Amino acid sequence: MKVLITGISGALARKVAVRLATAGHTVLGLDRRPWPDAPDNIEVFEADLRKRPAEDVFRLHRPDAVIHMGTVTHLSAATEERYRINLHGTRAVFEHGNQYGVGQTLFIGRHTVYGAAPDAPLYHSESDPPLGASTYPALSDLVAADLFAGSALWQWPEMCTSVLRIVYVLGPSQRGTLASYLSGPFVPTVLGFDPLFHFMHEEDAAHAIVLALEARLRGVYNVAGPQPVPISVLARVIGKRTLPLPEPLFHRALGKFGLPWLPRGAESHVKYPVVIDGSRFEAETGFAPEWSEKATMESFRWPG
Amino acid sequence: MFPGLPDEVRERIHQIDVPFNTYGLDRFGISRDTLAWFYGFLTPFYRHYFQIQTAGIEHVPKAGRAMIIGNHSGGIPVDASMVMTSLFLDMDPPRHTHGMVEKFAQKWPIVSQIFSRMGQLAGLPEHAVQLLESERILLVFPEGARGTGKLYQDRYRLVRFGTGFMRLALKTRTPIVPFAFVGGEEALPTIAHSRILAQLTGAPYWPIPPWVIPWPMPVPCRIHYGEPMTFEGDGNESDEDIEARVVEVRERITELMREGLEALELPIPEHLGMDLEERA
């Protein structure tokens, strides 16, 4: 199968690419960022998804499947730019896919779309409303992109679309949303709150994406990792200390004193858990995380 | 491990029906250390302060899902923590009870953290289903927070029962163990409510006993468990059908309250088990 991966230069996307290439698929990649040491059997096109050269990749290479991993968070793009990438980029993937005969599209989304709130349940099912933007405005474009991808199921029913809502990814690459929150010597938390964090090893996440492609999943699926752990345990096991800040000071202290910066509203995700139920995905693909919560945290701590 | 805890609590915490991982945590975020601390703290209250008498504990299933349903009483809900302690101390092997916490408590720092480390999750139907399907014991007060807002003159009345618990029990095929908690109204008689303190804390009520500070007195209390009740159905019955089953549970709890009050030799109020609005 010929598979195009958008956002291929990201840490997780590279792992997916290598796995697919090893499994004998033809892998193409599209990204604005380079992948300097990409394996020879993976062809990477440096182009912006929303620009003409990207469409040419679809037109000339006619991939059978597209894995859209080209959405970004506050970490890599400013607000306006992020909206353009996440919303227009996602639309471009589906429109080009439809026009150039792509049979299958996977949208790689995030479990944070469910949002964190005091009255939200643990173990969200796929039918729970994605309320992420209600407490955390910086997630609104990711929620919209996720819902747009879901709408492909009725907009382009002849295309096999799946939306994967994956928990935080953690591993030796030390990349990703959670990794950047954990990057400093201290992990800022809100005093009096110790929510569960749900994450999985990056190799497990890459494996899950490959399984979803091979199983030709159709629909929206949660992809969960091993048992979630409280942020205090996560910090301790990776060899860091939490810095519990009273809530009124939390936002002011971020970005200073070596603490990571987080957008407004992020405190809801540091106060309340976002935990998902991945049993539907597991039942349909046979997926089971190979890395326990302990092994995942330790692989992040000691990347060597 | 756990210095300073009574041996009994230390032994029981390792027998409890919660599957912990290497870090002493379960999938709902329960921490073994927090549980040990919590039950260790409550044991003297259970044994000596309230001198809880427990009757009918054999009616609580030794394994598998169950819903424990009873009356709510006495300003500050000591009934919930004492029911939990009775399942921990008086059952062999001990069982852990999951309560359903009012949503306002999830916003309080520290408190919400402790609740979640003890598996006391926000009162949502999703949580109830998840816990029961994990074969846990769920404690539900169908009167809700309004049940704790009864004044002393209305003791052992029942406010209207919610019907959600019955639909959940039918949907998840869970046996219902009814119980009565008596003595709680005497431990913390509410003579008035403070609206200001309730608003400040976000709580639905702030009870004022004759001694002003809402701290319960050491009066003997009794937990009276009844035989499990199982109902046929799938949870999609009409409101009327559900209501009829709820009334059965409510009547059973009223009987248990009467038995409990008799055993404690407390006077039985004329309005026992009646609706708050109904006059005797």
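Quick note: the coordinates plus some simple rules give every number you see, no bench work behind them. Note that the structure is a prediction, hence the values are computed from the model and not measured. Here the Cβ is made from the backbone with ideal geometry for all residues, glycine too, and neighbour counts use every protein chain on show.
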Quiz item: Just in region A:1-108: which chymotrypsin sites (Phe, Trp or Tyr not before Pro) are loop by DSSP and have at most 13 other Cβ atoms within 10 Å?
Solution: none
Quiz item: Dividing the Cα convex hull volume of region A:113-181 by residue count, how many Å³ per residue is that?
Solution: 124 Å³
Quiz item: Residues in region A:266-304 near a label at residue B:33, defined as backbone nitrogen under 19 Å from the 7 Å Cα→Cβ point?
Solution: A:293-295, A:297-298
Exercise. Within 10 Å of each Cβ in peptide B:6-19, how many partner chain Cβ atoms are there on average? Round it to a whole number, please.
Key: 0
Practice problem: Partner chain Cβ atoms within 10 Å, averaged over the residues of B:100-110 - can you pull that number for me? | Solution: 3
Quiz item: For the residues B:72, B:59, what sequence is obtained by ranking on other C-beta atoms within 10 Å, fewest first?
Solution: B:59, B:72
Self-check item: Hull-based mean projected area of the protein assembly as shown, where the convex hull spans the alpha carbons, in square nanometres
Solution: 29.0 nm²
Practice problem: Based on other C-beta atoms within 10 Å, arrange B:111, B:212, A:27, B:246 from fewest to most. | Solution: B:212, B:111, B:246, A:27
Quiz item: Can you list the residues of region A:190-212 with backbone N under 13 Å from a point 7 Å past the Cα of residue A:23, pointing along Cα to Cβ?
Solution: A:204-212
Quiz item: When B:33, B:7, A:146 are ordered from fewest to most other Cβ atoms inside 10 Å of their Cβ, what list results?
Solution: B:7, B:33, A:146
Quiz item: Label-point separation (nm) for residue A:256 and residue A:98, each offset 7 Å from Cα along Cα-to-Cβ?
Solution: 4.9 nm
Self-check item: residue A:241 versus residue A:292: modelled label distance in nm, points set 7 Å from Cα along the beta carbon direction
Solution: 2.9 nm
Self-check item: DSSP-defined beta bridges in the protein assembly as shown - what % are antiparallel, rounded to 5
Solution: 15 percent
Self-check item: Label-point separation, residue A:37 to residue A:216 (7 Å along Cα→Cβ), nm
Solution: 3.8 nm
Quiz item: Restricting attention to the alpha-carbon atoms of region A:1-150, what are Rg (one decimal) and Dmax (integer), both in Å?
Solution: 15.9, 50
Exercise. Obtain the radius of gyration and the Kirkwood radius of chain B from its C-alpha atoms and give Rg over Rh.
Key: 0.94
Quiz item: Averaged across the residues of A:118-127, what count of C-beta atoms belonging to other chains lies within 10 Å of each residue's C-beta?
Solution: 5
Quiz item: Mind checking Rg over Rh on chain A, alpha carbons, Kirkwood formula for Rh?
Solution: 0.95
Quiz item: What ranking, highest mean first, results for peptides B:194-202, A:277-285 when packing means the other Cβ atoms within 10 Å averaged over each residue?
Solution: A:277-285, B:194-202
Quiz prompt | For region B:106-205, convex hull of alpha carbons as volume per residue, Å³ | solution = 126 Å³
Quiz item: For residue A:269, what charge total do you get from the other residues with a beta carbon under 14 Å from its beta carbon, if Lys and Arg give +1 and Asp and Glu give -1?
Solution: 0
Practice problem: Can you check how the C-alpha radius of gyration of region A:152-304 compares to 2.2 N^0.38 Å, as a plain ratio? | Solution: 1.15
